[in-house]
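Below: one structure, written as structure tokens.
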Amino acid sequence: MAINSKIEWCDSTWNPWIGCHKVSPGCKNCYMFRDMGRRGWNPNVVVRSKTTFDAPIKWAKSGKLSAGNKIFTCSLSDFFIEDADEWRNDAWDVIQKTPHLTYQILTKRPENIKDRLPANWGDGWDNVWLGVSAENQAMADKRIPILLSIPAKIRFVSAEPLLG
């Protein structure tokens, strides 16, 4: 969780939960598994953050982020992982309460998106970008059509790690 990220395509990262499960070849050398293991945490266990869940609201109140700041959401997990179903509505609430911030939600689980969108999603929220990782042509062929079938104001593809 960082208010100032070193990732070049975002300004900040927000992790309302951490932990994940590997689902495709692009997960093989995932930095989250390496980094969490170094810290002595089990990266296969998905847990709600006790300290950063409401961070964007606190940042907004403190004026630490400007309108339009891009927040990579769930850089240490997957926003649409099944294990986070009980917390996701609370995360959507945080996102809705900070409409001046832009949330970049990247997933390797696009098949889960449609059933996990908030009831008032409509054709998408102005402050949410939905994206998929496509590490090779097979994953691009699988994930991009699903992403395109989901209503969103902005969609994106992250082609990393490029494996083929």
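The values are calculated or read from the model by the stated rules, or taken from the named source; none is laboratory data. Predicted model only: the values in this text are computed from it and were never measured. All Cβ positions, glycine included, derive from the backbone under ideal geometry; neighbour counts span all protein chains shown. We work out accessible area using only protein heavy atoms, side chains counted, and drop any ligands, DNA or RNA first. Shrake-Rupley method; radii C 1.70, N 1.55, O 1.52, S 1.80 Å.
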Notebook entry, point to check: Using heavy-atom solvent-accessible surface (probe 1.4 Å) with all chains present, what is the largest-first order of LYS142, LYS108, LYS64?
Noted result: LYS64, LYS142, LYS108
Check: Taking R0 as 35 Å, what's the FRET efficiency between GLN96 and VAL157 from their Cβ-Cβ distance, rounded to 0.05?
Finding: 0.90
Note to self: Quick check: Cα centre of segment 27-48 to Cα centre of segment 131-155, how many Å?
What the structure shows: 24
Notebook entry, point to check: Looking only at ARG143, ARG109, ARG38, which one moves most when the chain is put into a Gaussian network model with springs between Cα atoms under 10 Å?
Noted result: ARG38
Item checked: Convex hull per residue volume in Å³, alpha carbons only, for the chain -> 108
Item checked: Most positive-pole-ward Cα, TRP125, ASN29, PHE80, against dipole of segment 25-137 from beta carbon charges -> ASN29
Next item on the list: Report relative contact order for segment 56-102 in percent, whole number only (criteria: Cα-Cα under 8 Å, sequence separation at least 6).
Entry: 67
Notebook entry, point to check: Rounded, prolate or oblate: which one fits segment 60-108, using the alpha carbon gyration tensor with axes a ≥ b ≥ c (rounded when a/c is under 1.5, else prolate when a/b beats b/c, else oblate)?
Noted result: prolate
